[in-house]
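Engineer: Below are the structure tokens for one structure; questions will follow.
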Amino acid sequence: MNDDVVDILQEVGNIGIGNAATALAEFLNTKVNVTVPRASLVPVEEVFDHIGGAEEIVAAVLLRVEGDLSGTVLFVFSEGSVLKLISQLLGQPIGSLEEIGGMGESVLMEVGNILTGSFLNAISMMSNLTIIPAVPLFTFDMLGSIISSSLLGTGMMEDQVLLIETKLAQEGDEVTGNLLFFFDVGTLNSLLSSLQVQLESL
């Protein structure tokens, strides 16, 4: 993978987050600053080094995608970040929440849907590949358990994962989330080849 493709992956993240910021502002009726410090491909065995240990409790929106690109997508927030984010979104004091609750889960699900959908649309647009998402699910568990259970039964997967780190800031408070795209075997080459073609056509 050359530096040009890495730059395109970063641009995918930037486009996705631009769309997400607009959609989040409409959903929350308030401005949310969203940035993508990093978009990269990382080895599967290094995922935990980048986003937290296997036993870390996280909240995640997960879904399968089919089409030209197939695989499993996770959008992950740490427990601390997610409680802070829910407090912000529900207009409650930071630190006042001790658990997610039904309302918090609903808000998180919608935020996760917006972020995931924005990124998938950006990937599809930049690569000219069709991505068909299934109905997303919400889960709150250990990161290792979520990843292992969500990938069981999906067949063989690529040894590289697309990681898009995301920072959301509202009124000075910032939280970090991570989008992970675990590709089914063969689809990563399709993505990189399509991105390279798009690059050469510029």
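The values are calculated or read from the model by the stated rules, or taken from the named source; none is laboratory data. Values in this document were obtained by computation on a predicted structure and should not be read as measured data. Cβ: placed from backbone, ideal geometry, glycine included. Neighbour counts: every protein chain shown. Side chains included, ligands, DNA and RNA excluded: accessible areas come from the protein's heavy atoms. Shrake-Rupley method; radii C 1.70, N 1.55, O 1.52, S 1.80 Å.
Engineer: Using 0.36 nm per residue, how much length does the chain from residue 66 to residue 99 gain when fully extended, once their Cα-Cα distance is taken away?
Structural biologist: Full extension from residue 66 to residue 99 adds 8.5 nm.
Engineer: Have a look at 127, 150, 23 and report the one farthest towards the positive end of the charge dipole of the chain, computed about the Cα centre with Cβ charges (Lys/Arg +1, Asp/Glu -1).
Structural biologist: Farthest towards the positive pole: 23.
Engineer: If you put +1 on each Lys and Arg Cβ and -1 on each Asp and Glu Cβ, how big is the dipole of the range 1-46 around its Cα centre, in Debye rounded to 20?
Structural biologist: Value, rounded to 20: 340 debye.
Engineer: With a sphere of radius 13 Å drawn around the Cβ of residue 185, what net charge do the other residues whose Cβ falls strictly inside it have (Lys, Arg +1; Asp, Glu -1)?
Structural biologist: Local charge sum for residue 185: -3.
Engineer: With a 1.4 Å probe and all protein chains left in place, how much accessible area per residue does the chain have, in Å²?
Structural biologist: Solvent-accessible surface per residue comes out at 46 Å².
Engineer: Connecting C-alpha atoms closer than 10 Å in a GNM of the chain, tell me which of 66, 165, 45 has the biggest fluctuation.
Structural biologist: 45
Engineer: Could I ask something else about it? Using unit Cβ charges (K, R positive; D, E negative) and no other charged atoms, how large, in debye to the nearest 20, is the dipole of the range 46-91 about its Cα centre?
Structural biologist: 260 debye
Engineer: Still on this model: Express in Å², to the nearest 10, the accessible area of residue 41 obtained by rolling a 1.4 Å probe over the protein heavy atoms while all chains stay in place.
Structural biologist: 30 Å²
Engineer: Then there is this: Give me the distance in nm between label points sitting 7 Å out from Cα along the Cα-to-Cβ direction at residue 55 and residue 156, one decimal.
Structural biologist: Inter-label distance under the simple model: 3.4 nm.
Engineer: Express in nm, to one decimal, how much length is gained between residue 190 and residue 142 on full extension, taking 0.36 nm for each residue of separation and deducting their alpha carbon distance.
Structural biologist: 14.1 nm
Engineer: Now a separate question. Check residue 161: other-chain or 5+ apart residues with amide H under 5 Å from its amide H, H built from backbone geometry?
Structural biologist: The answer is 42, 44.
Engineer: Give, in nm to one decimal, the length gained when the segment between residue 106 and residue 38 is fully stretched (0.36 nm per residue of separation minus the Cα-Cα distance).
Structural biologist: Values: separation 68, 0.36 × 68 = 24.48 nm, distance 2.74 nm.
Using 0.36 nm per residue and subtracting the Cα-Cα distance, I get 21.7 nm.
Engineer: Do the sum for the chain: with -39,500 (n - 2.57) for every DSSP H run of n ≥ 4, divided by all residues, what is the mean residue ellipticity at 222 nm, to the nearest 500 deg cm²/dmol?
Structural biologist: Only helices count here, giving -15000 deg cm²/dmol.
Engineer: Right, here's the next one. Putting +1 on Lys and Arg Cβ atoms and -1 on Asp and Glu Cβ atoms, find which of 35, 51, 61 reaches farthest to the positive end of the dipole of the range 21-107.
Structural biologist: 35
Engineer: Let me know the charge dipole size of the chain about its Cα centre in debye, to the nearest 20, where only the beta-carbon of Lys, Arg (+1) and Asp, Glu (-1) is charged.
Structural biologist: Taking the Cα centre of the chain as origin, the dipole is about 480 debye.
Engineer: Roughly speaking, to the nearest percent, how much of the chain's 1.4 Å accessible area is carbon and sulfur?
Structural biologist: Percent of accessible area from carbon and sulfur atoms in the chain: 51.
Engineer: Mind running the shape call on the range 99-154? Use the C-alpha gyration tensor, a ≥ b ≥ c as the square roots of the eigenvalues: rounded below 1.5 for a/c, prolate if a/b tops b/c, oblate otherwise. Before the final figure, lay out each step's value.
Structural biologist: Values: a/c = 2.85, a/b = 1.40, b/c = 2.04.
Oblate.
Engineer: A further question on this structure: Springs between alpha-carbon atoms under 10 Å, Gaussian network over the chain: tell me which of 130, 30, 72 tops the mean-square fluctuations.
Structural biologist: 30
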